[in-house]
Amino acid sequence: MFQSLLKSLRRPGVRATFPVLALAALLGACARPEPGAEINDPYERGNRSVHRFNTAVDKFFFGNDEQKGVIPIIPRPVSIGFSNFASNLGQPSAVLNSLLQGKPGPALQNTLRFAVNSTIGIGGLFDPASKIGIPADPADFGETLHVWGVAEGAYLEVPFLGPSTERDLAGTIVDIVIDPVNALVDTNEAAYITVGRLTAKVGNRQRFADTYESILYDSADSYAQARLLYLQNRHFELGIEEETFDPYEDPYAQ
């Protein structure tokens with residue numbers, strides 16, 4: 001059933017209309033903050049259940065200080081290579097979103113970066129573009145919706161994906177559908193790309209284990225901590241200057 005759904009989404013007509021439908025659904029579905037609420041989290045009870053599930057999944061695969069996970073450690077050089085590879089695959093999508101946001105400068109920068117890393121960087125395994133002064137300028141459809149004036153909506157914790165918002169979740173779905181890389185590869189190549197991206201995520205989780213585990217296993221309220229950090233970081237990425245306050249945050253914590 002899931003494969004049939006993916007095939008239907010790849011049809012030209014569906015691919016062209018799906019982003020519009022997702023945006024229309026988002027405009028109608030984004031929950032507004034309750035009066036006086038400092039963080040827009042009307043689904044907190046369900047979100048916390050998903051957070052417990054995600055934490056259990058993380059502990060099973062990666063472990064913590066008390067338990068070893070089932071996934072073996074990926075050597076750091078290999079991890080960095082796959083991370084570079086996955087980042088490079090995201091450049092065409094970043095170019096498209098930069099254009100949708102009316103930002104030709106970042107679109108050109110990401111195009112040059114993709115060209116350099118795909119050739120000199122051996123398919124993106126290495127990152128010579130950064131060394132010659134062409135850094136990545138990330139852009140996604142969630143950011144595009146923000147530029148278009150779509151409200152952030154409620155905070156969400158998504159199974160396996162983790163923290164998000166209604167706007168960002170819709171953006172993630174649209175990014176998958178409109179990603180230019182998906183339109184240029186066949187089924188076999190798509191499978192290799194998926195494996196590469198998953199390996200990159202596993203490697204990044206292992207490289208930054210201390211940060212992940214301090215949030216998930218060392219916090220008094222890991223859900224509130226993950227929510228606060230996600231929203232603060234996302235607002236920083238979007239250039240939103242107002243500070244996010246969390247009613248669960250300890251004002252005396254250092």
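The values are calculated or read from the model by the stated rules, or taken from the named source; none is laboratory data. None of these values were measured; they are calculated from a predicted model. For the accessible areas, the whole protein counts, side chains as well, though only heavy atoms, and no ligand, DNA or RNA atoms are used. Shrake-Rupley method; radii C 1.70, N 1.55, O 1.52, S 1.80 Å.
The stretch between L108 and L125, if pulled fully straight at 0.36 nm per residue, gains 4.0 nm over its current Cα-Cα span. Phi angles of the stretch 197-209 translate, via the Karplus equation with coefficients 6.51, -1.76, 1.60 and θ = phi - 60°, into HN-Hα couplings of 5, 5, 4, 4, 5, 5, x, 5, 4, 6, 5, 10, 4 Hz per residue; Gly and Pro are given as x.
Solvent-accessible surface of protein heavy atoms, probed at 1.4 angstrom with all chains present, puts F85, F114 in the order F114, F85, largest first. One chain, two ends: N233 and L184. Fully extended at 0.36 nm per residue, the span grows by 14.4 nm beyond their Cα-Cα distance. Restricting the calculation to Cα atoms, the stretch 49-140 shows an Rg/Rh of 1.15 when the hydrodynamic-style radius is the Kirkwood one. One decimal place: the segment Y192-A56 gains 46.2 nm when fully extended, by the rule 0.36 nm per residue minus the C-alpha distance.
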